[in-house]
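The structure appears right after this line, and notes come after that.
The values are calculated or read from the model by the stated rules, or taken from the named source; none is laboratory data. The structure displayed is predicted, hence computed values, not measured ones. Note that we place each Cβ from the backbone using ideal geometry, even for glycine, and neighbour counts take in every protein chain shown. The area values use the complete protein model at the heavy-atom level, side chains included, leaving out ligands, DNA and RNA. Shrake-Rupley method; radii C 1.70, N 1.55, O 1.52, S 1.80 Å.
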Amino acid sequence: MGGAHGEVGTVEPNASGRVIGYRQAVLAAAAACLLFFAWLAVAPGSDRLNLVVDNTVQSVAALIGTGACAAVALRGSRRRRSTWVLLAASAAAWGLGQVAWSYYELVVGSATPFPSVADVGFLAARGLAVVALVFAAVAMGPMSRLRCGLDALMVATSLLMVTWATAVAPSSGDVGSLLSQVVALGYSFGDVAVLSLALTLLSQAPAAKRGPLLLLVAHSGVLVMTDTVYAHLLISEQYATGSLFDVGWMTANLLLALAALHPGGDLTADADEGSISELGLALPYLPVLAGIAVAGFRLVTVGRLFPFMAWTAIALGVILIARHLLVLAEHLWLRRNLQAQVQARTLEVRSREDQLRHQASHDPLTDLPNRNLFLDRLQQVLLRRRNDTTLVAVLFLDLDGFKDVNDSRGHGAGDRLLRQVATRMRSCLRAEDTLARIGGDEFTVLCPGLASEPQAVGVAERLGESLAAPLFLDGHETYVTASIGIAYAGPRGCVPDELLRDADAAMYQAKERGRGQIQVFTTALHIRAESRLQTAAALRRAVADEQLRVLYQPVVSLRDGTIKGIEALVRWEHPERGLLGPGDFIEVAEDTGLIVGVGQWVLQQACCQLAAWNAAIANLDVNIAVNLSARQLAEPSLPQRVAETIEACGIDPRRLVLEITESALVHDVTTAAMVLDELKALGVGLAVDDFGTGFSSLNYLKRFPVDVLKIDRSFVSGLGVDPEDSAIVAAVRALGGALGLDVVAEGVETELQAAKLLELDCPYAQGYLFSRPVPAGALLPSLLRSSRASTLV
């Protein structure tokens, strides 16, 4: 606001935001008023000179006010333009009135009659000022504009009554002609109206915008006082140009100019509905009380009211009634508006609450119910089922190979796949069924009111069939299957979490059988699941309490019986169940991830034991073999840990053989190939354990840098009895020889098996026939004998 005012004339804002020259303008205006007052007080020279000076000063002051307002109107914003144009017109009208006044006195050479043409300009100035301030209130709301107008009218009427009673009526018994009364009252009414509007705007304006309004209030106040004195003197025929109070008109015009140039704000009001201050509420009623007091005093002292005062009192009463009707209308409007706002806010809050409840109970990706909502619905179904003989089934689904989609095409593609899967599965369910996503690629289905258990299997089959058609991701066909577990609510009470757990256990059993399988939960699965949980908890304690043991089983040469290698095998010294083999806990260790720590510990023990044997036996020429799990092989840091172990134990890396099963190799072919290449670069040997039982592929043997094939015991057990086993062993032996790989037969337990292996030219064997897994100390004598035999050979 202040910046816009600074565009006028030389009044420009400096770098600090203050207006250069405005203070000087104020000082200049004050000095001009004082000089003019001094001139009027002294009145030197002839009477005509005084008339010339007085009229000239008044005309110049009007011209200054007109110019200042016009400059602001031309350079200000459109919002402010109308107000300042009208104020410029008001000052110009006053100036024209002053010109007409000067014509009578300086050209005609007679006193200006009252009323005259000059009064037209003076009265027009008041009317234009009133309209200007009405435009300043346009920024208010409609109720506020109407209230502002009524307040200004109420103040003006009250002050007019006070002015009449105190200035006009006491002047003489004869108050002049009707026209002179109207003109005289027009001055007072116009001035009071301008003052009332200015005060009303001031009461509703923010503090930062009160500067120009204060100056406008001062302008109106000076006019009220000056015109009141003028009307009193004029009606009583005592006024003459050159009176001391003539300085009031000059002062009023200069105050208008200063209001236009003020840097602190403008006259536009920003008050909205209901924002009126306490001052704005009380202001209109103070003049009313004054008017009532004056009228009452007149009645008490004189016994009657002048007709003008009576009609003014009636008009004031009408305005008061209109004002209170407006207050009532505002109250009703505010009440309805408040009710509407409360209702709208209530609806908004309820909508937000519904949205939050929905978000809290639904999966954000698929918009399916989440785990909490699924369990809640399951609980409700189970409660209603107490008097129902129908069957309740819970299906637990896990997508097969979903991780491959995320790894190959990104998580965004994985999210789109999940949404498509959810849409397909939802389309093949009944309306009463509930499909939920409980996390990752896991979904659950609640099927209430089933007639039989096969019906739930049918639902699972339909879900699987819904995923048979290809899914399209970024224009590419993608196929997924789902492993599904089914659990039924028993005839007695059932806990939702337990039912969901049982379905989860059945799903894992289905996944172990392959892709896209369906498994119904049984008691045996429950027992197995409980056992796995107990085993996992106990195994964690076993690692911490050093209950694990490493036993060693030799690999012997079938030709001379010497020990060529030793396999390190982990056992669990269970405090209650005794010594447990790997079949009792290795699978659990794999699932829980404990196998990584266990495998590293076994590797450390085996390498250090080989170093101890090397120190105890001269020229010992044996390898130490350690099994690697699929979890370990998936660790990119495995080669570094192996290298650190070899260095810490001080063994030759060529004496370490790491055994990997075929299933571990195909679990993640890319990572496996990378890790095995790095291990091979360390100089360690690599063996494929249980060869022939997994996904045997010549391509894998070509791709992976293996050194040894170990024939699974399932083929060795039929040697000499089952011709097919003999053929398989012979084929593996021939394959190993062709690829330059050593071949070791596992699980040799009889002399017949050993003889048949020797006949098939299998060089090495391992099994109970030669030695059971034993502690390191128990194997030392055999190593000594083997070392001496090797030396003699």
Item checked: Leading residue by the ranking (least open to solvent (accessible area, probe 1.4 Å)) among those in the stretch 597-646 that are among the polar types (S, T, N, Q) and more than 30 Å from ALA536 (Cα to Cα) -> ASN623
Margin query: Restricting to the stretch 200-223, name every residue that is touching a Leu at 6+ places or on another chain (Cβ under 7 Å), modelled with pLDDT under 80 and surrounded by fewer than 24 Cβ atoms within 10 Å (Cβ to Cβ).
Written below: LEU202, SER203, ARG210
Next item on the list: Tell me, please, whether a residue that is touching a Pro at 6+ places or on another chain (Cβ under 6 Å), buried (at least 19 other Cβ atoms within 10 Å of the Cβ) and modelled with pLDDT of 70 or more can be found in the stretch 181-190.
Entry: yes
Next item on the list: Please verify whether the stretch 448-459 includes one or more residues that are free of Cβ contacts under 8 Å to residues at least 60 places away in the same chain and either over 23 Å from PHE521 (Cβ atoms) or part of a helix (DSSP H, G or I) (or both).
Entry: yes
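Just a yes or no: is a residue in the stretch 780-791 part of a loop (DSSP other than H, G, I, E, B) and either farther than 24 Å from ALA611 by Cα or touching a strand residue (DSSP E or B) at 6+ places or on another chain (Cβ under 9 Å) (or both)? Talk me through it step by step, then tell me what you get.
From the stretch 780-791, those part of a loop (DSSP other than H, G, I, E, B) are none; that's our starting set.
Scanning the stretch 780-791, I find no residue that is part of a loop (DSSP other than H, G, I, E, B) and either farther than 24 Å from ALA611 by Cα or touching a strand residue (DSSP E or B) at 6+ places or on another chain (Cβ under 9 Å) (or both), so the answer is no.
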Next item on the list: Go through the stretch 79-114 and count every residue that is closer than 22 Å to VAL134 by Cβ, surrounded by fewer than 22 Cβ atoms within 10 Å (Cβ to Cβ) and either among the polar types (S, T, N, Q) or touching a Phe, Trp or Tyr at 6+ places or on another chain (Cβ under 6 Å) (or both).
Entry: 1
Check: Are there any pairs, at least 6 apart or on different chains, whose C-beta atoms fall under 6 Å, with the first in the stretch 480-492 and more than 17 Å from VAL457 (Cα to Cα) and the second of a type outside the set (Phe, Trp, Tyr) and at pLDDT 90 or above, and if so, which?
Finding: VAL480/LEU399
Next item on the list: Quickly run through the stretch 230-244 and pick out the residues that are part of a helix (DSSP H, G or I) and modelled with pLDDT under 80.
Entry: TYR230, ALA231, HIS232, LEU233, LEU234, ILE235
Margin query: Among (1) open to solvent by 40 Å² or more (accessible area, probe 1.4 Å); (2) at pLDDT below 85; (3) part of a helix (DSSP H, G or I), there is one condition LEU525 misses while meeting the rest; what is its number?
Written below: (1)
Next item on the list: Among the residues of the stretch 67-111, write down those that are touching a residue at least 24 places away in the same chain (Cβ under 8 Å), assigned to a loop (DSSP other than H, G, I, E, B) and more than 51 Å from the chain's Cα centre (by Cα).
Entry: ALA111
Notebook entry, point to check: Could you list, in sequence order, the residues of the stretch 355-371 that are more than 13 Å from PHE443 (Cα to Cα) and open to solvent by 80 Å² or more (accessible area, probe 1.4 Å)?
Noted result: GLN355, LEU356, ARG357, GLN359, PRO364
Note to self: Quick check on the stretch 501-552: of everything there that is within 12 Å of TRP572 (Cα to Cα) and aliphatic (A, V, I, L, M), which residue is farthest from the chain's Cα centre (by Cα)?
What the structure shows: LEU551
Notebook entry, point to check: So which of ARG559, ARG515 is within 30 Å of ASP761 (Cβ to Cβ) and open to solvent by 30 Å² or more (accessible area, probe 1.4 Å)?
Noted result: ARG559
Next item on the list: Take ALA393 and decide whether it is under 30 Å from LEU150 (Cα atoms), of a type in the set (Gly, Ala, Ser) and out of contact with any Pro (no Cβ under 7 Å at 6 or more places or on another chain).
Entry: no
Notebook entry, point to check: Could we say that LEU347 is more than 17 Å from ALA436 (Cα to Cα), open to solvent by 80 Å² or more (accessible area, probe 1.4 Å), free of Cβ contacts under 8 Å to residues at least 60 places away in the same chain and not aromatic (Phe, Trp, Tyr) here?
Noted result: yes
Item checked: Of the criteria (1) basic (Lys, Arg); (2) open to solvent by less than 30 Å² (accessible area, probe 1.4 Å); (3) within 25 Å of SER427 (Cβ to Cβ), which one ARG409 fails -> (2)
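For every residue, the table says whether it meets (1) at pLDDT below 75; (2) open to solvent by 40 Å² or more (accessible area, probe 1.4 Å).
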residue: MET1; (1), (2): yes, yes
residue: ALA15; (1), (2): yes, yes
residue: GLY21; (1), (2): no, no
residue: CYS33; (1), (2): no, no
residue: ASN50; (1), (2): no, no
residue: THR56; (1), (2): no, yes
residue: ALA70; (1), (2): no, no
Next item on the list: Determine which single condition PHE770 fails, assuming it passes every other condition in (1) in contact with a Pro (Cβ under 7 Å, 6 or more places away or on another chain); (2) open to solvent by less than 50 Å² (accessible area, probe 1.4 Å).
Entry: (2)
